[in-house]
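The values are calculated or read from the model by the stated rules, or taken from the named source; none is laboratory data. Every value quoted in this text rests on a predicted model; they were computed, and no experiment measured them. Positions of Cβ are generated from backbone atoms using ideal geometry, with glycine treated the same way; all protein chains shown enter the neighbour counts.
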Amino acid sequence: MFVMQCHEALWYLELRRGEGEKALGPEVQAALESHLQNCAQCATRARTQELWDYQLSQLLRQVSVPAQLGDRLLIQAAAYRGRTLRLRFYRLTAVAASVLLLLGFAWLGYRATLPTFSTEQLVLFHDSHLQDPESYFHRWLQHEGLPEELPVPLNLNLLVHLGYERIQGQKVPVALFRHPQRPEFARVYFLRQSGPFRWRQLNDAEASHTVAQVISDSQSFRRVTYVIVYPAGPEGLRPFLQPNPGTS
């Protein structure tokens with residue numbers, strides 16, 4: 001059963017007044033009765049209409065009306081009530097249409113303010129990364145307010161991604177580097193010493209397949225602690241470093 005509003009209840013009261021309860025149907029009739037039980041103003045309006053109709057019917061029964069005149073009065077009354085109900089229905093329909101039209105214009109206006117996704121800017125951005133990864137990396141460091149140099153000479157041609165990872169509920173800047181030959185990766189996490197972590201308690205760690213190296217120097221690295229995570233093994237971090245010009 002739907003919840004009926006006051007303006008709807010008044011409209012259905014008029015319809016029931018002229019056509020009877022059968023004109024409403026059981027669902028609408030139940031919703032109307034529920035509304036009248038909870039709305040004193042509409043209930044008073046309904047009782048007033050019923051009392052007026054009862055008194056008027058009693059008075060009309062006391063007046064002798066020629067048969068032809070009575071039929072004409074009933075026909076005219078029915079026609080008038082039908083026109084009134086139709087006009088109210090048309091007004092409600094017009095209001096509803098206007099509201100829908102305004103909502104449609106508002107939605108179109110909102111859509112017009114959304115930015116356009118530019119695939120051209122997207123490919124230019126990634127192309128600049130591929131052509132000059134060093135400049136791309138240093139622009140990111142400058143934007144993040146991080147030191148311009150890493151504590152170890154990682155090979156920027158192996159740089160895959162710059163962004164953030166959520167670590168223990170906190171967003172941490174991270175740089176991702178790929179292994180030149182195998183499907184392995186090294187990550188550099190940048191922990192600001194003014195951030196949410198207790199950086200003085202950080203220590204190196206090692207598991208079966210992964211090593212975490214902590215590098216911290218407040219003076220050299222502008223109060224940033226680096227945590228470098230890379231695959232465990234005899235090569236260590238060497239595959240991710242810049243190639244030595246003296247070796248072939």
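Scoring CYS42 on the criteria (1) over 38 Å from the mean Cα position of the chain (by Cα); (2) modelled with pLDDT under 80 leaves a single failure, condition (2).
Listed by position, the strands (runs of 3 or more DSSP E) enclosed by the stretch 110-195 include none that has at least 1 residues that are on the phi > 0 side of the Ramachandran plot, in contact with a Leu (Cβ under 6 Å, 6 or more places away or on another chain) and in the same structural domain as GLY236 (by TED's automatic domain parsing). When LEU176, LEU158 are checked against the criterion of being within 30 Å of SER128 (Cβ to Cβ), in contact with a strand residue (DSSP E or B) (Cβ under 7 Å, 6 or more places away or on another chain) and crowded, with 17+ Cβ neighbours inside 10 Å, LEU158 stands alone in meeting it.
Tally time: how many residues in the stretch 212-237 are modelled with pLDDT of 75 or more and either part of a loop (DSSP other than H, G, I, E, B) or not assigned by TED's automatic domain parsing to the domain that holds HIS179 (or both)? Looking only at that region, the number is 7. Looking only at residues in the stretch 198-211 that are surrounded by 11 or more Cβ atoms within 10 Å (Cβ to Cβ) and not acidic (Asp, Glu), the one that is modelled with the lowest pLDDT is TRP199. The residues of the stretch 27-45 that are closer than 10 Å to LEU13 by Cβ and either among the polar types (S, T, N, Q) or touching a Phe, Trp or Tyr at 6+ places or on another chain (Cβ under 7 Å) (or both) amount to a single one, LEU32.
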